[in-house]
Amino acid sequence: MRQQQLHSHYHSHKHRGGGGSMAGCVFVLLLFPCLFTPFSHAFPSVLSDWNAPKPRHSHLLKSALLRQTSDEQQADIWTPLANQPWKPCVLSESTSPLAEKSQGYIQVFLDGGLNQQRMGICDAVAIAKILNATLIIPHLEVHPVWKDSSTFMDIFDVDHFINVLKDEISIVKELPEEYFWSTREYYAEAIRATRVKTAPVHASSNWYLDNVLPILQNYGIAAIAPFSHRLAFDNMPEGIQRLRCKVNFQALTFVPHIRALGDALVSRLRYPTNEVEDNTNYLKEKRKGTGKFVVLHLRFDKDMAAHSACDFGGGKAENLALAKYRQVIWQGRVLNSQFTDEELRSQGRCPLTPEEIGLLLAALGFDSTTRLYLASHKVYGGEARISTLRSLFPLMEDKKSLASSEERAQIKGKASLLAAVDYYVSMHSDIFVSASPGNMHNAVVGHRTYENTKTIRPNMALLGQLFLNKSLTWSEFQEAVVEGHKSRQGQLRFRKSDQSIYTYPAPDCMCNA
């Protein structure tokens, strides 16, 4: 029963800013909790940088640094997925035609990060179709931590979006003049008859017909907020499911400057040169590579570390800081906190640290010449925590190392645009690896499944048990890792009841060829 109670709700909030601090600042921070929240938002890595963590698996790390990878291992790990009988359906022919008369206008207000908002956009289109309504381009809420005010049109190619869906639903970019009053501020001030606030999580299509359609018919407009995971994945008409797929895989493309920067990063990863441009601080490359690269989504931010209730080797200061953070942010409501670190790890409930994901990749057969692209916002612990991973993979790159400050100017400080670039590069990589589950993991894994490209999903429970065994030799660790990941490299998995269509696109989005 105790093990059945283990649950972990990982969060992908990423905090802006960074930098070190004196030990006295840490003492004041821990002594006065009221100072913690603003300080942590401004300097999220201060405590872990002050007390830099040492490698926790030095016995494995020493062998990994001396590893010799055979040609057979290299060939095996880089081999693309075999062709599969299930292919993307011709989605343009899968839904009913555009209704002659619209029932009114649908507004949705989407919270969360880029990938959660992406799923919400797909659901919004589906609901507009269910109600024969006209969709107003979704409003993206400003996250209280990221403070990114990027709009739909800042991130996605809105003309492409409208054009791809023009035969299924009607979409408008702005509120019609007669509904100018229907703003986010209007709904924040008081209870409004046109706001739908009670949409249950995973609501059925009938719920919208019963509860939202009457509002449309009475007022001509309905605004749904909150709107996150508000449409069921099961018991939906095939046409609605296919429409959601069409939005996700065809209609949602990033704006041109995101695609251009993404293409530049992909090109530099595949075809590095020896040129150095001193005037921009941009080092194109030191060595030539193989033309292949891996994207690693290193999801190890402060919220995730705190909410997992695991010990990450930062010592007493880090443990106290994370405990205080849990208390301030969630009032102590962290379900895993009643279990020991060993119990959590043995069940795969602890996010992988940069050191641990590096050991996983080394054991799978990636050698020191592997070109690794780090898709991540600020890592909790900063460079001190990434250094072990970098020692294993010295050709590790990210947006900052691959692109000049001028090239990054349009995305600087904008969490959604930064995430969009990482998503784009992830979709063009030979292999994608996500250190821990989350919204980006779900979105990219689903998209790459749809495209039949290789994706390695870490076996969290296996790795947790292996890392707890301090007597394990490198060869034993490597053998167990390879065996435990043979069926976790992107092979098609069919969606089960209640699972997301965006993570498991088969069979809803795919047809048996």
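Size estimate for region 390-475 follows the Kirkwood approach: the inverse of mean 1/r over distinct Cα pairs works out to 15.5 Å. Taking 7 Å steps out from each Cα toward its Cβ at residue 69 and residue 461 produces label points 2.9 nm apart.
Only alpha carbons enter this Debye calculation for region 127-176, each as an equal point scatterer, and the log10 of I(q)/I(0) it gives at q = 0.13, 0.19, 0.32 Å⁻¹ is -0.37, -0.70, -1.24.
How much of the accessible area of region 101-260, in percent, comes from carbon and sulfur atoms when a 1.4 Å probe is used? The nonpolar share, carbon plus sulfur, comes to 50 percent. For region 156-217, the Kirkwood hydrodynamic radius from C-alpha pairs, put into Stokes-Einstein at 25 °C and a viscosity of 0.890 mPa s, yields a diffusion coefficient of 171 µm² per second.
Of the two radii for region 151-272, the radius of gyration is 1.05 times the Kirkwood radius, both from the alpha carbons; that is the Rg over Rh value.
At 0.692 mPa s and 37 °C, plugging the Kirkwood radius over alpha-carbon pairs of region 92-196 into Stokes-Einstein gives what diffusion coefficient in µm²/s? Calculated translational D: 222 µm²/s. Length available on full extension from residue 184 to residue 99: 0.36 nm per residue minus the Cα-Cα distance, which gives 27.8 nm. Just the number, please: carbon plus sulfur as a percent of the accessible area of region 365-418, 1.4 Å probe, no ligands or DNA/RNA counted. Carbon plus sulfur share of accessible area: 52 percent.
Within the accessible surface of region 455-513, defined with a 1.4 Å probe on protein heavy atoms only, the carbon and sulfur portion equals 50 percent.
Ranked by the mean number of other Cβ atoms within 10 Å per residue, highest first, peptides 384-397, 342-355 order as 342-355, 384-397.
Suppose the chain between residue 267 and residue 327 were pulled fully straight at 0.36 nm per residue; how much longer would it get relative to their current alpha carbon spacing?
In short, 17.1 nm is gained.
The values are calculated or read from the model by the stated rules, or taken from the named source; none is laboratory data. Only a predicted model underlies this, so the values are computations on that prediction, with no experimental measurement involved. With ideal geometry, Cβ positions are generated from the backbone for all residues, glycine too; neighbour counts draw on all protein chains shown. Please note that ligands, DNA and RNA were not included when accessible areas were found on the heavy atoms of the full protein model with its side chains. Shrake-Rupley method; radii C 1.70, N 1.55, O 1.52, S 1.80 Å.
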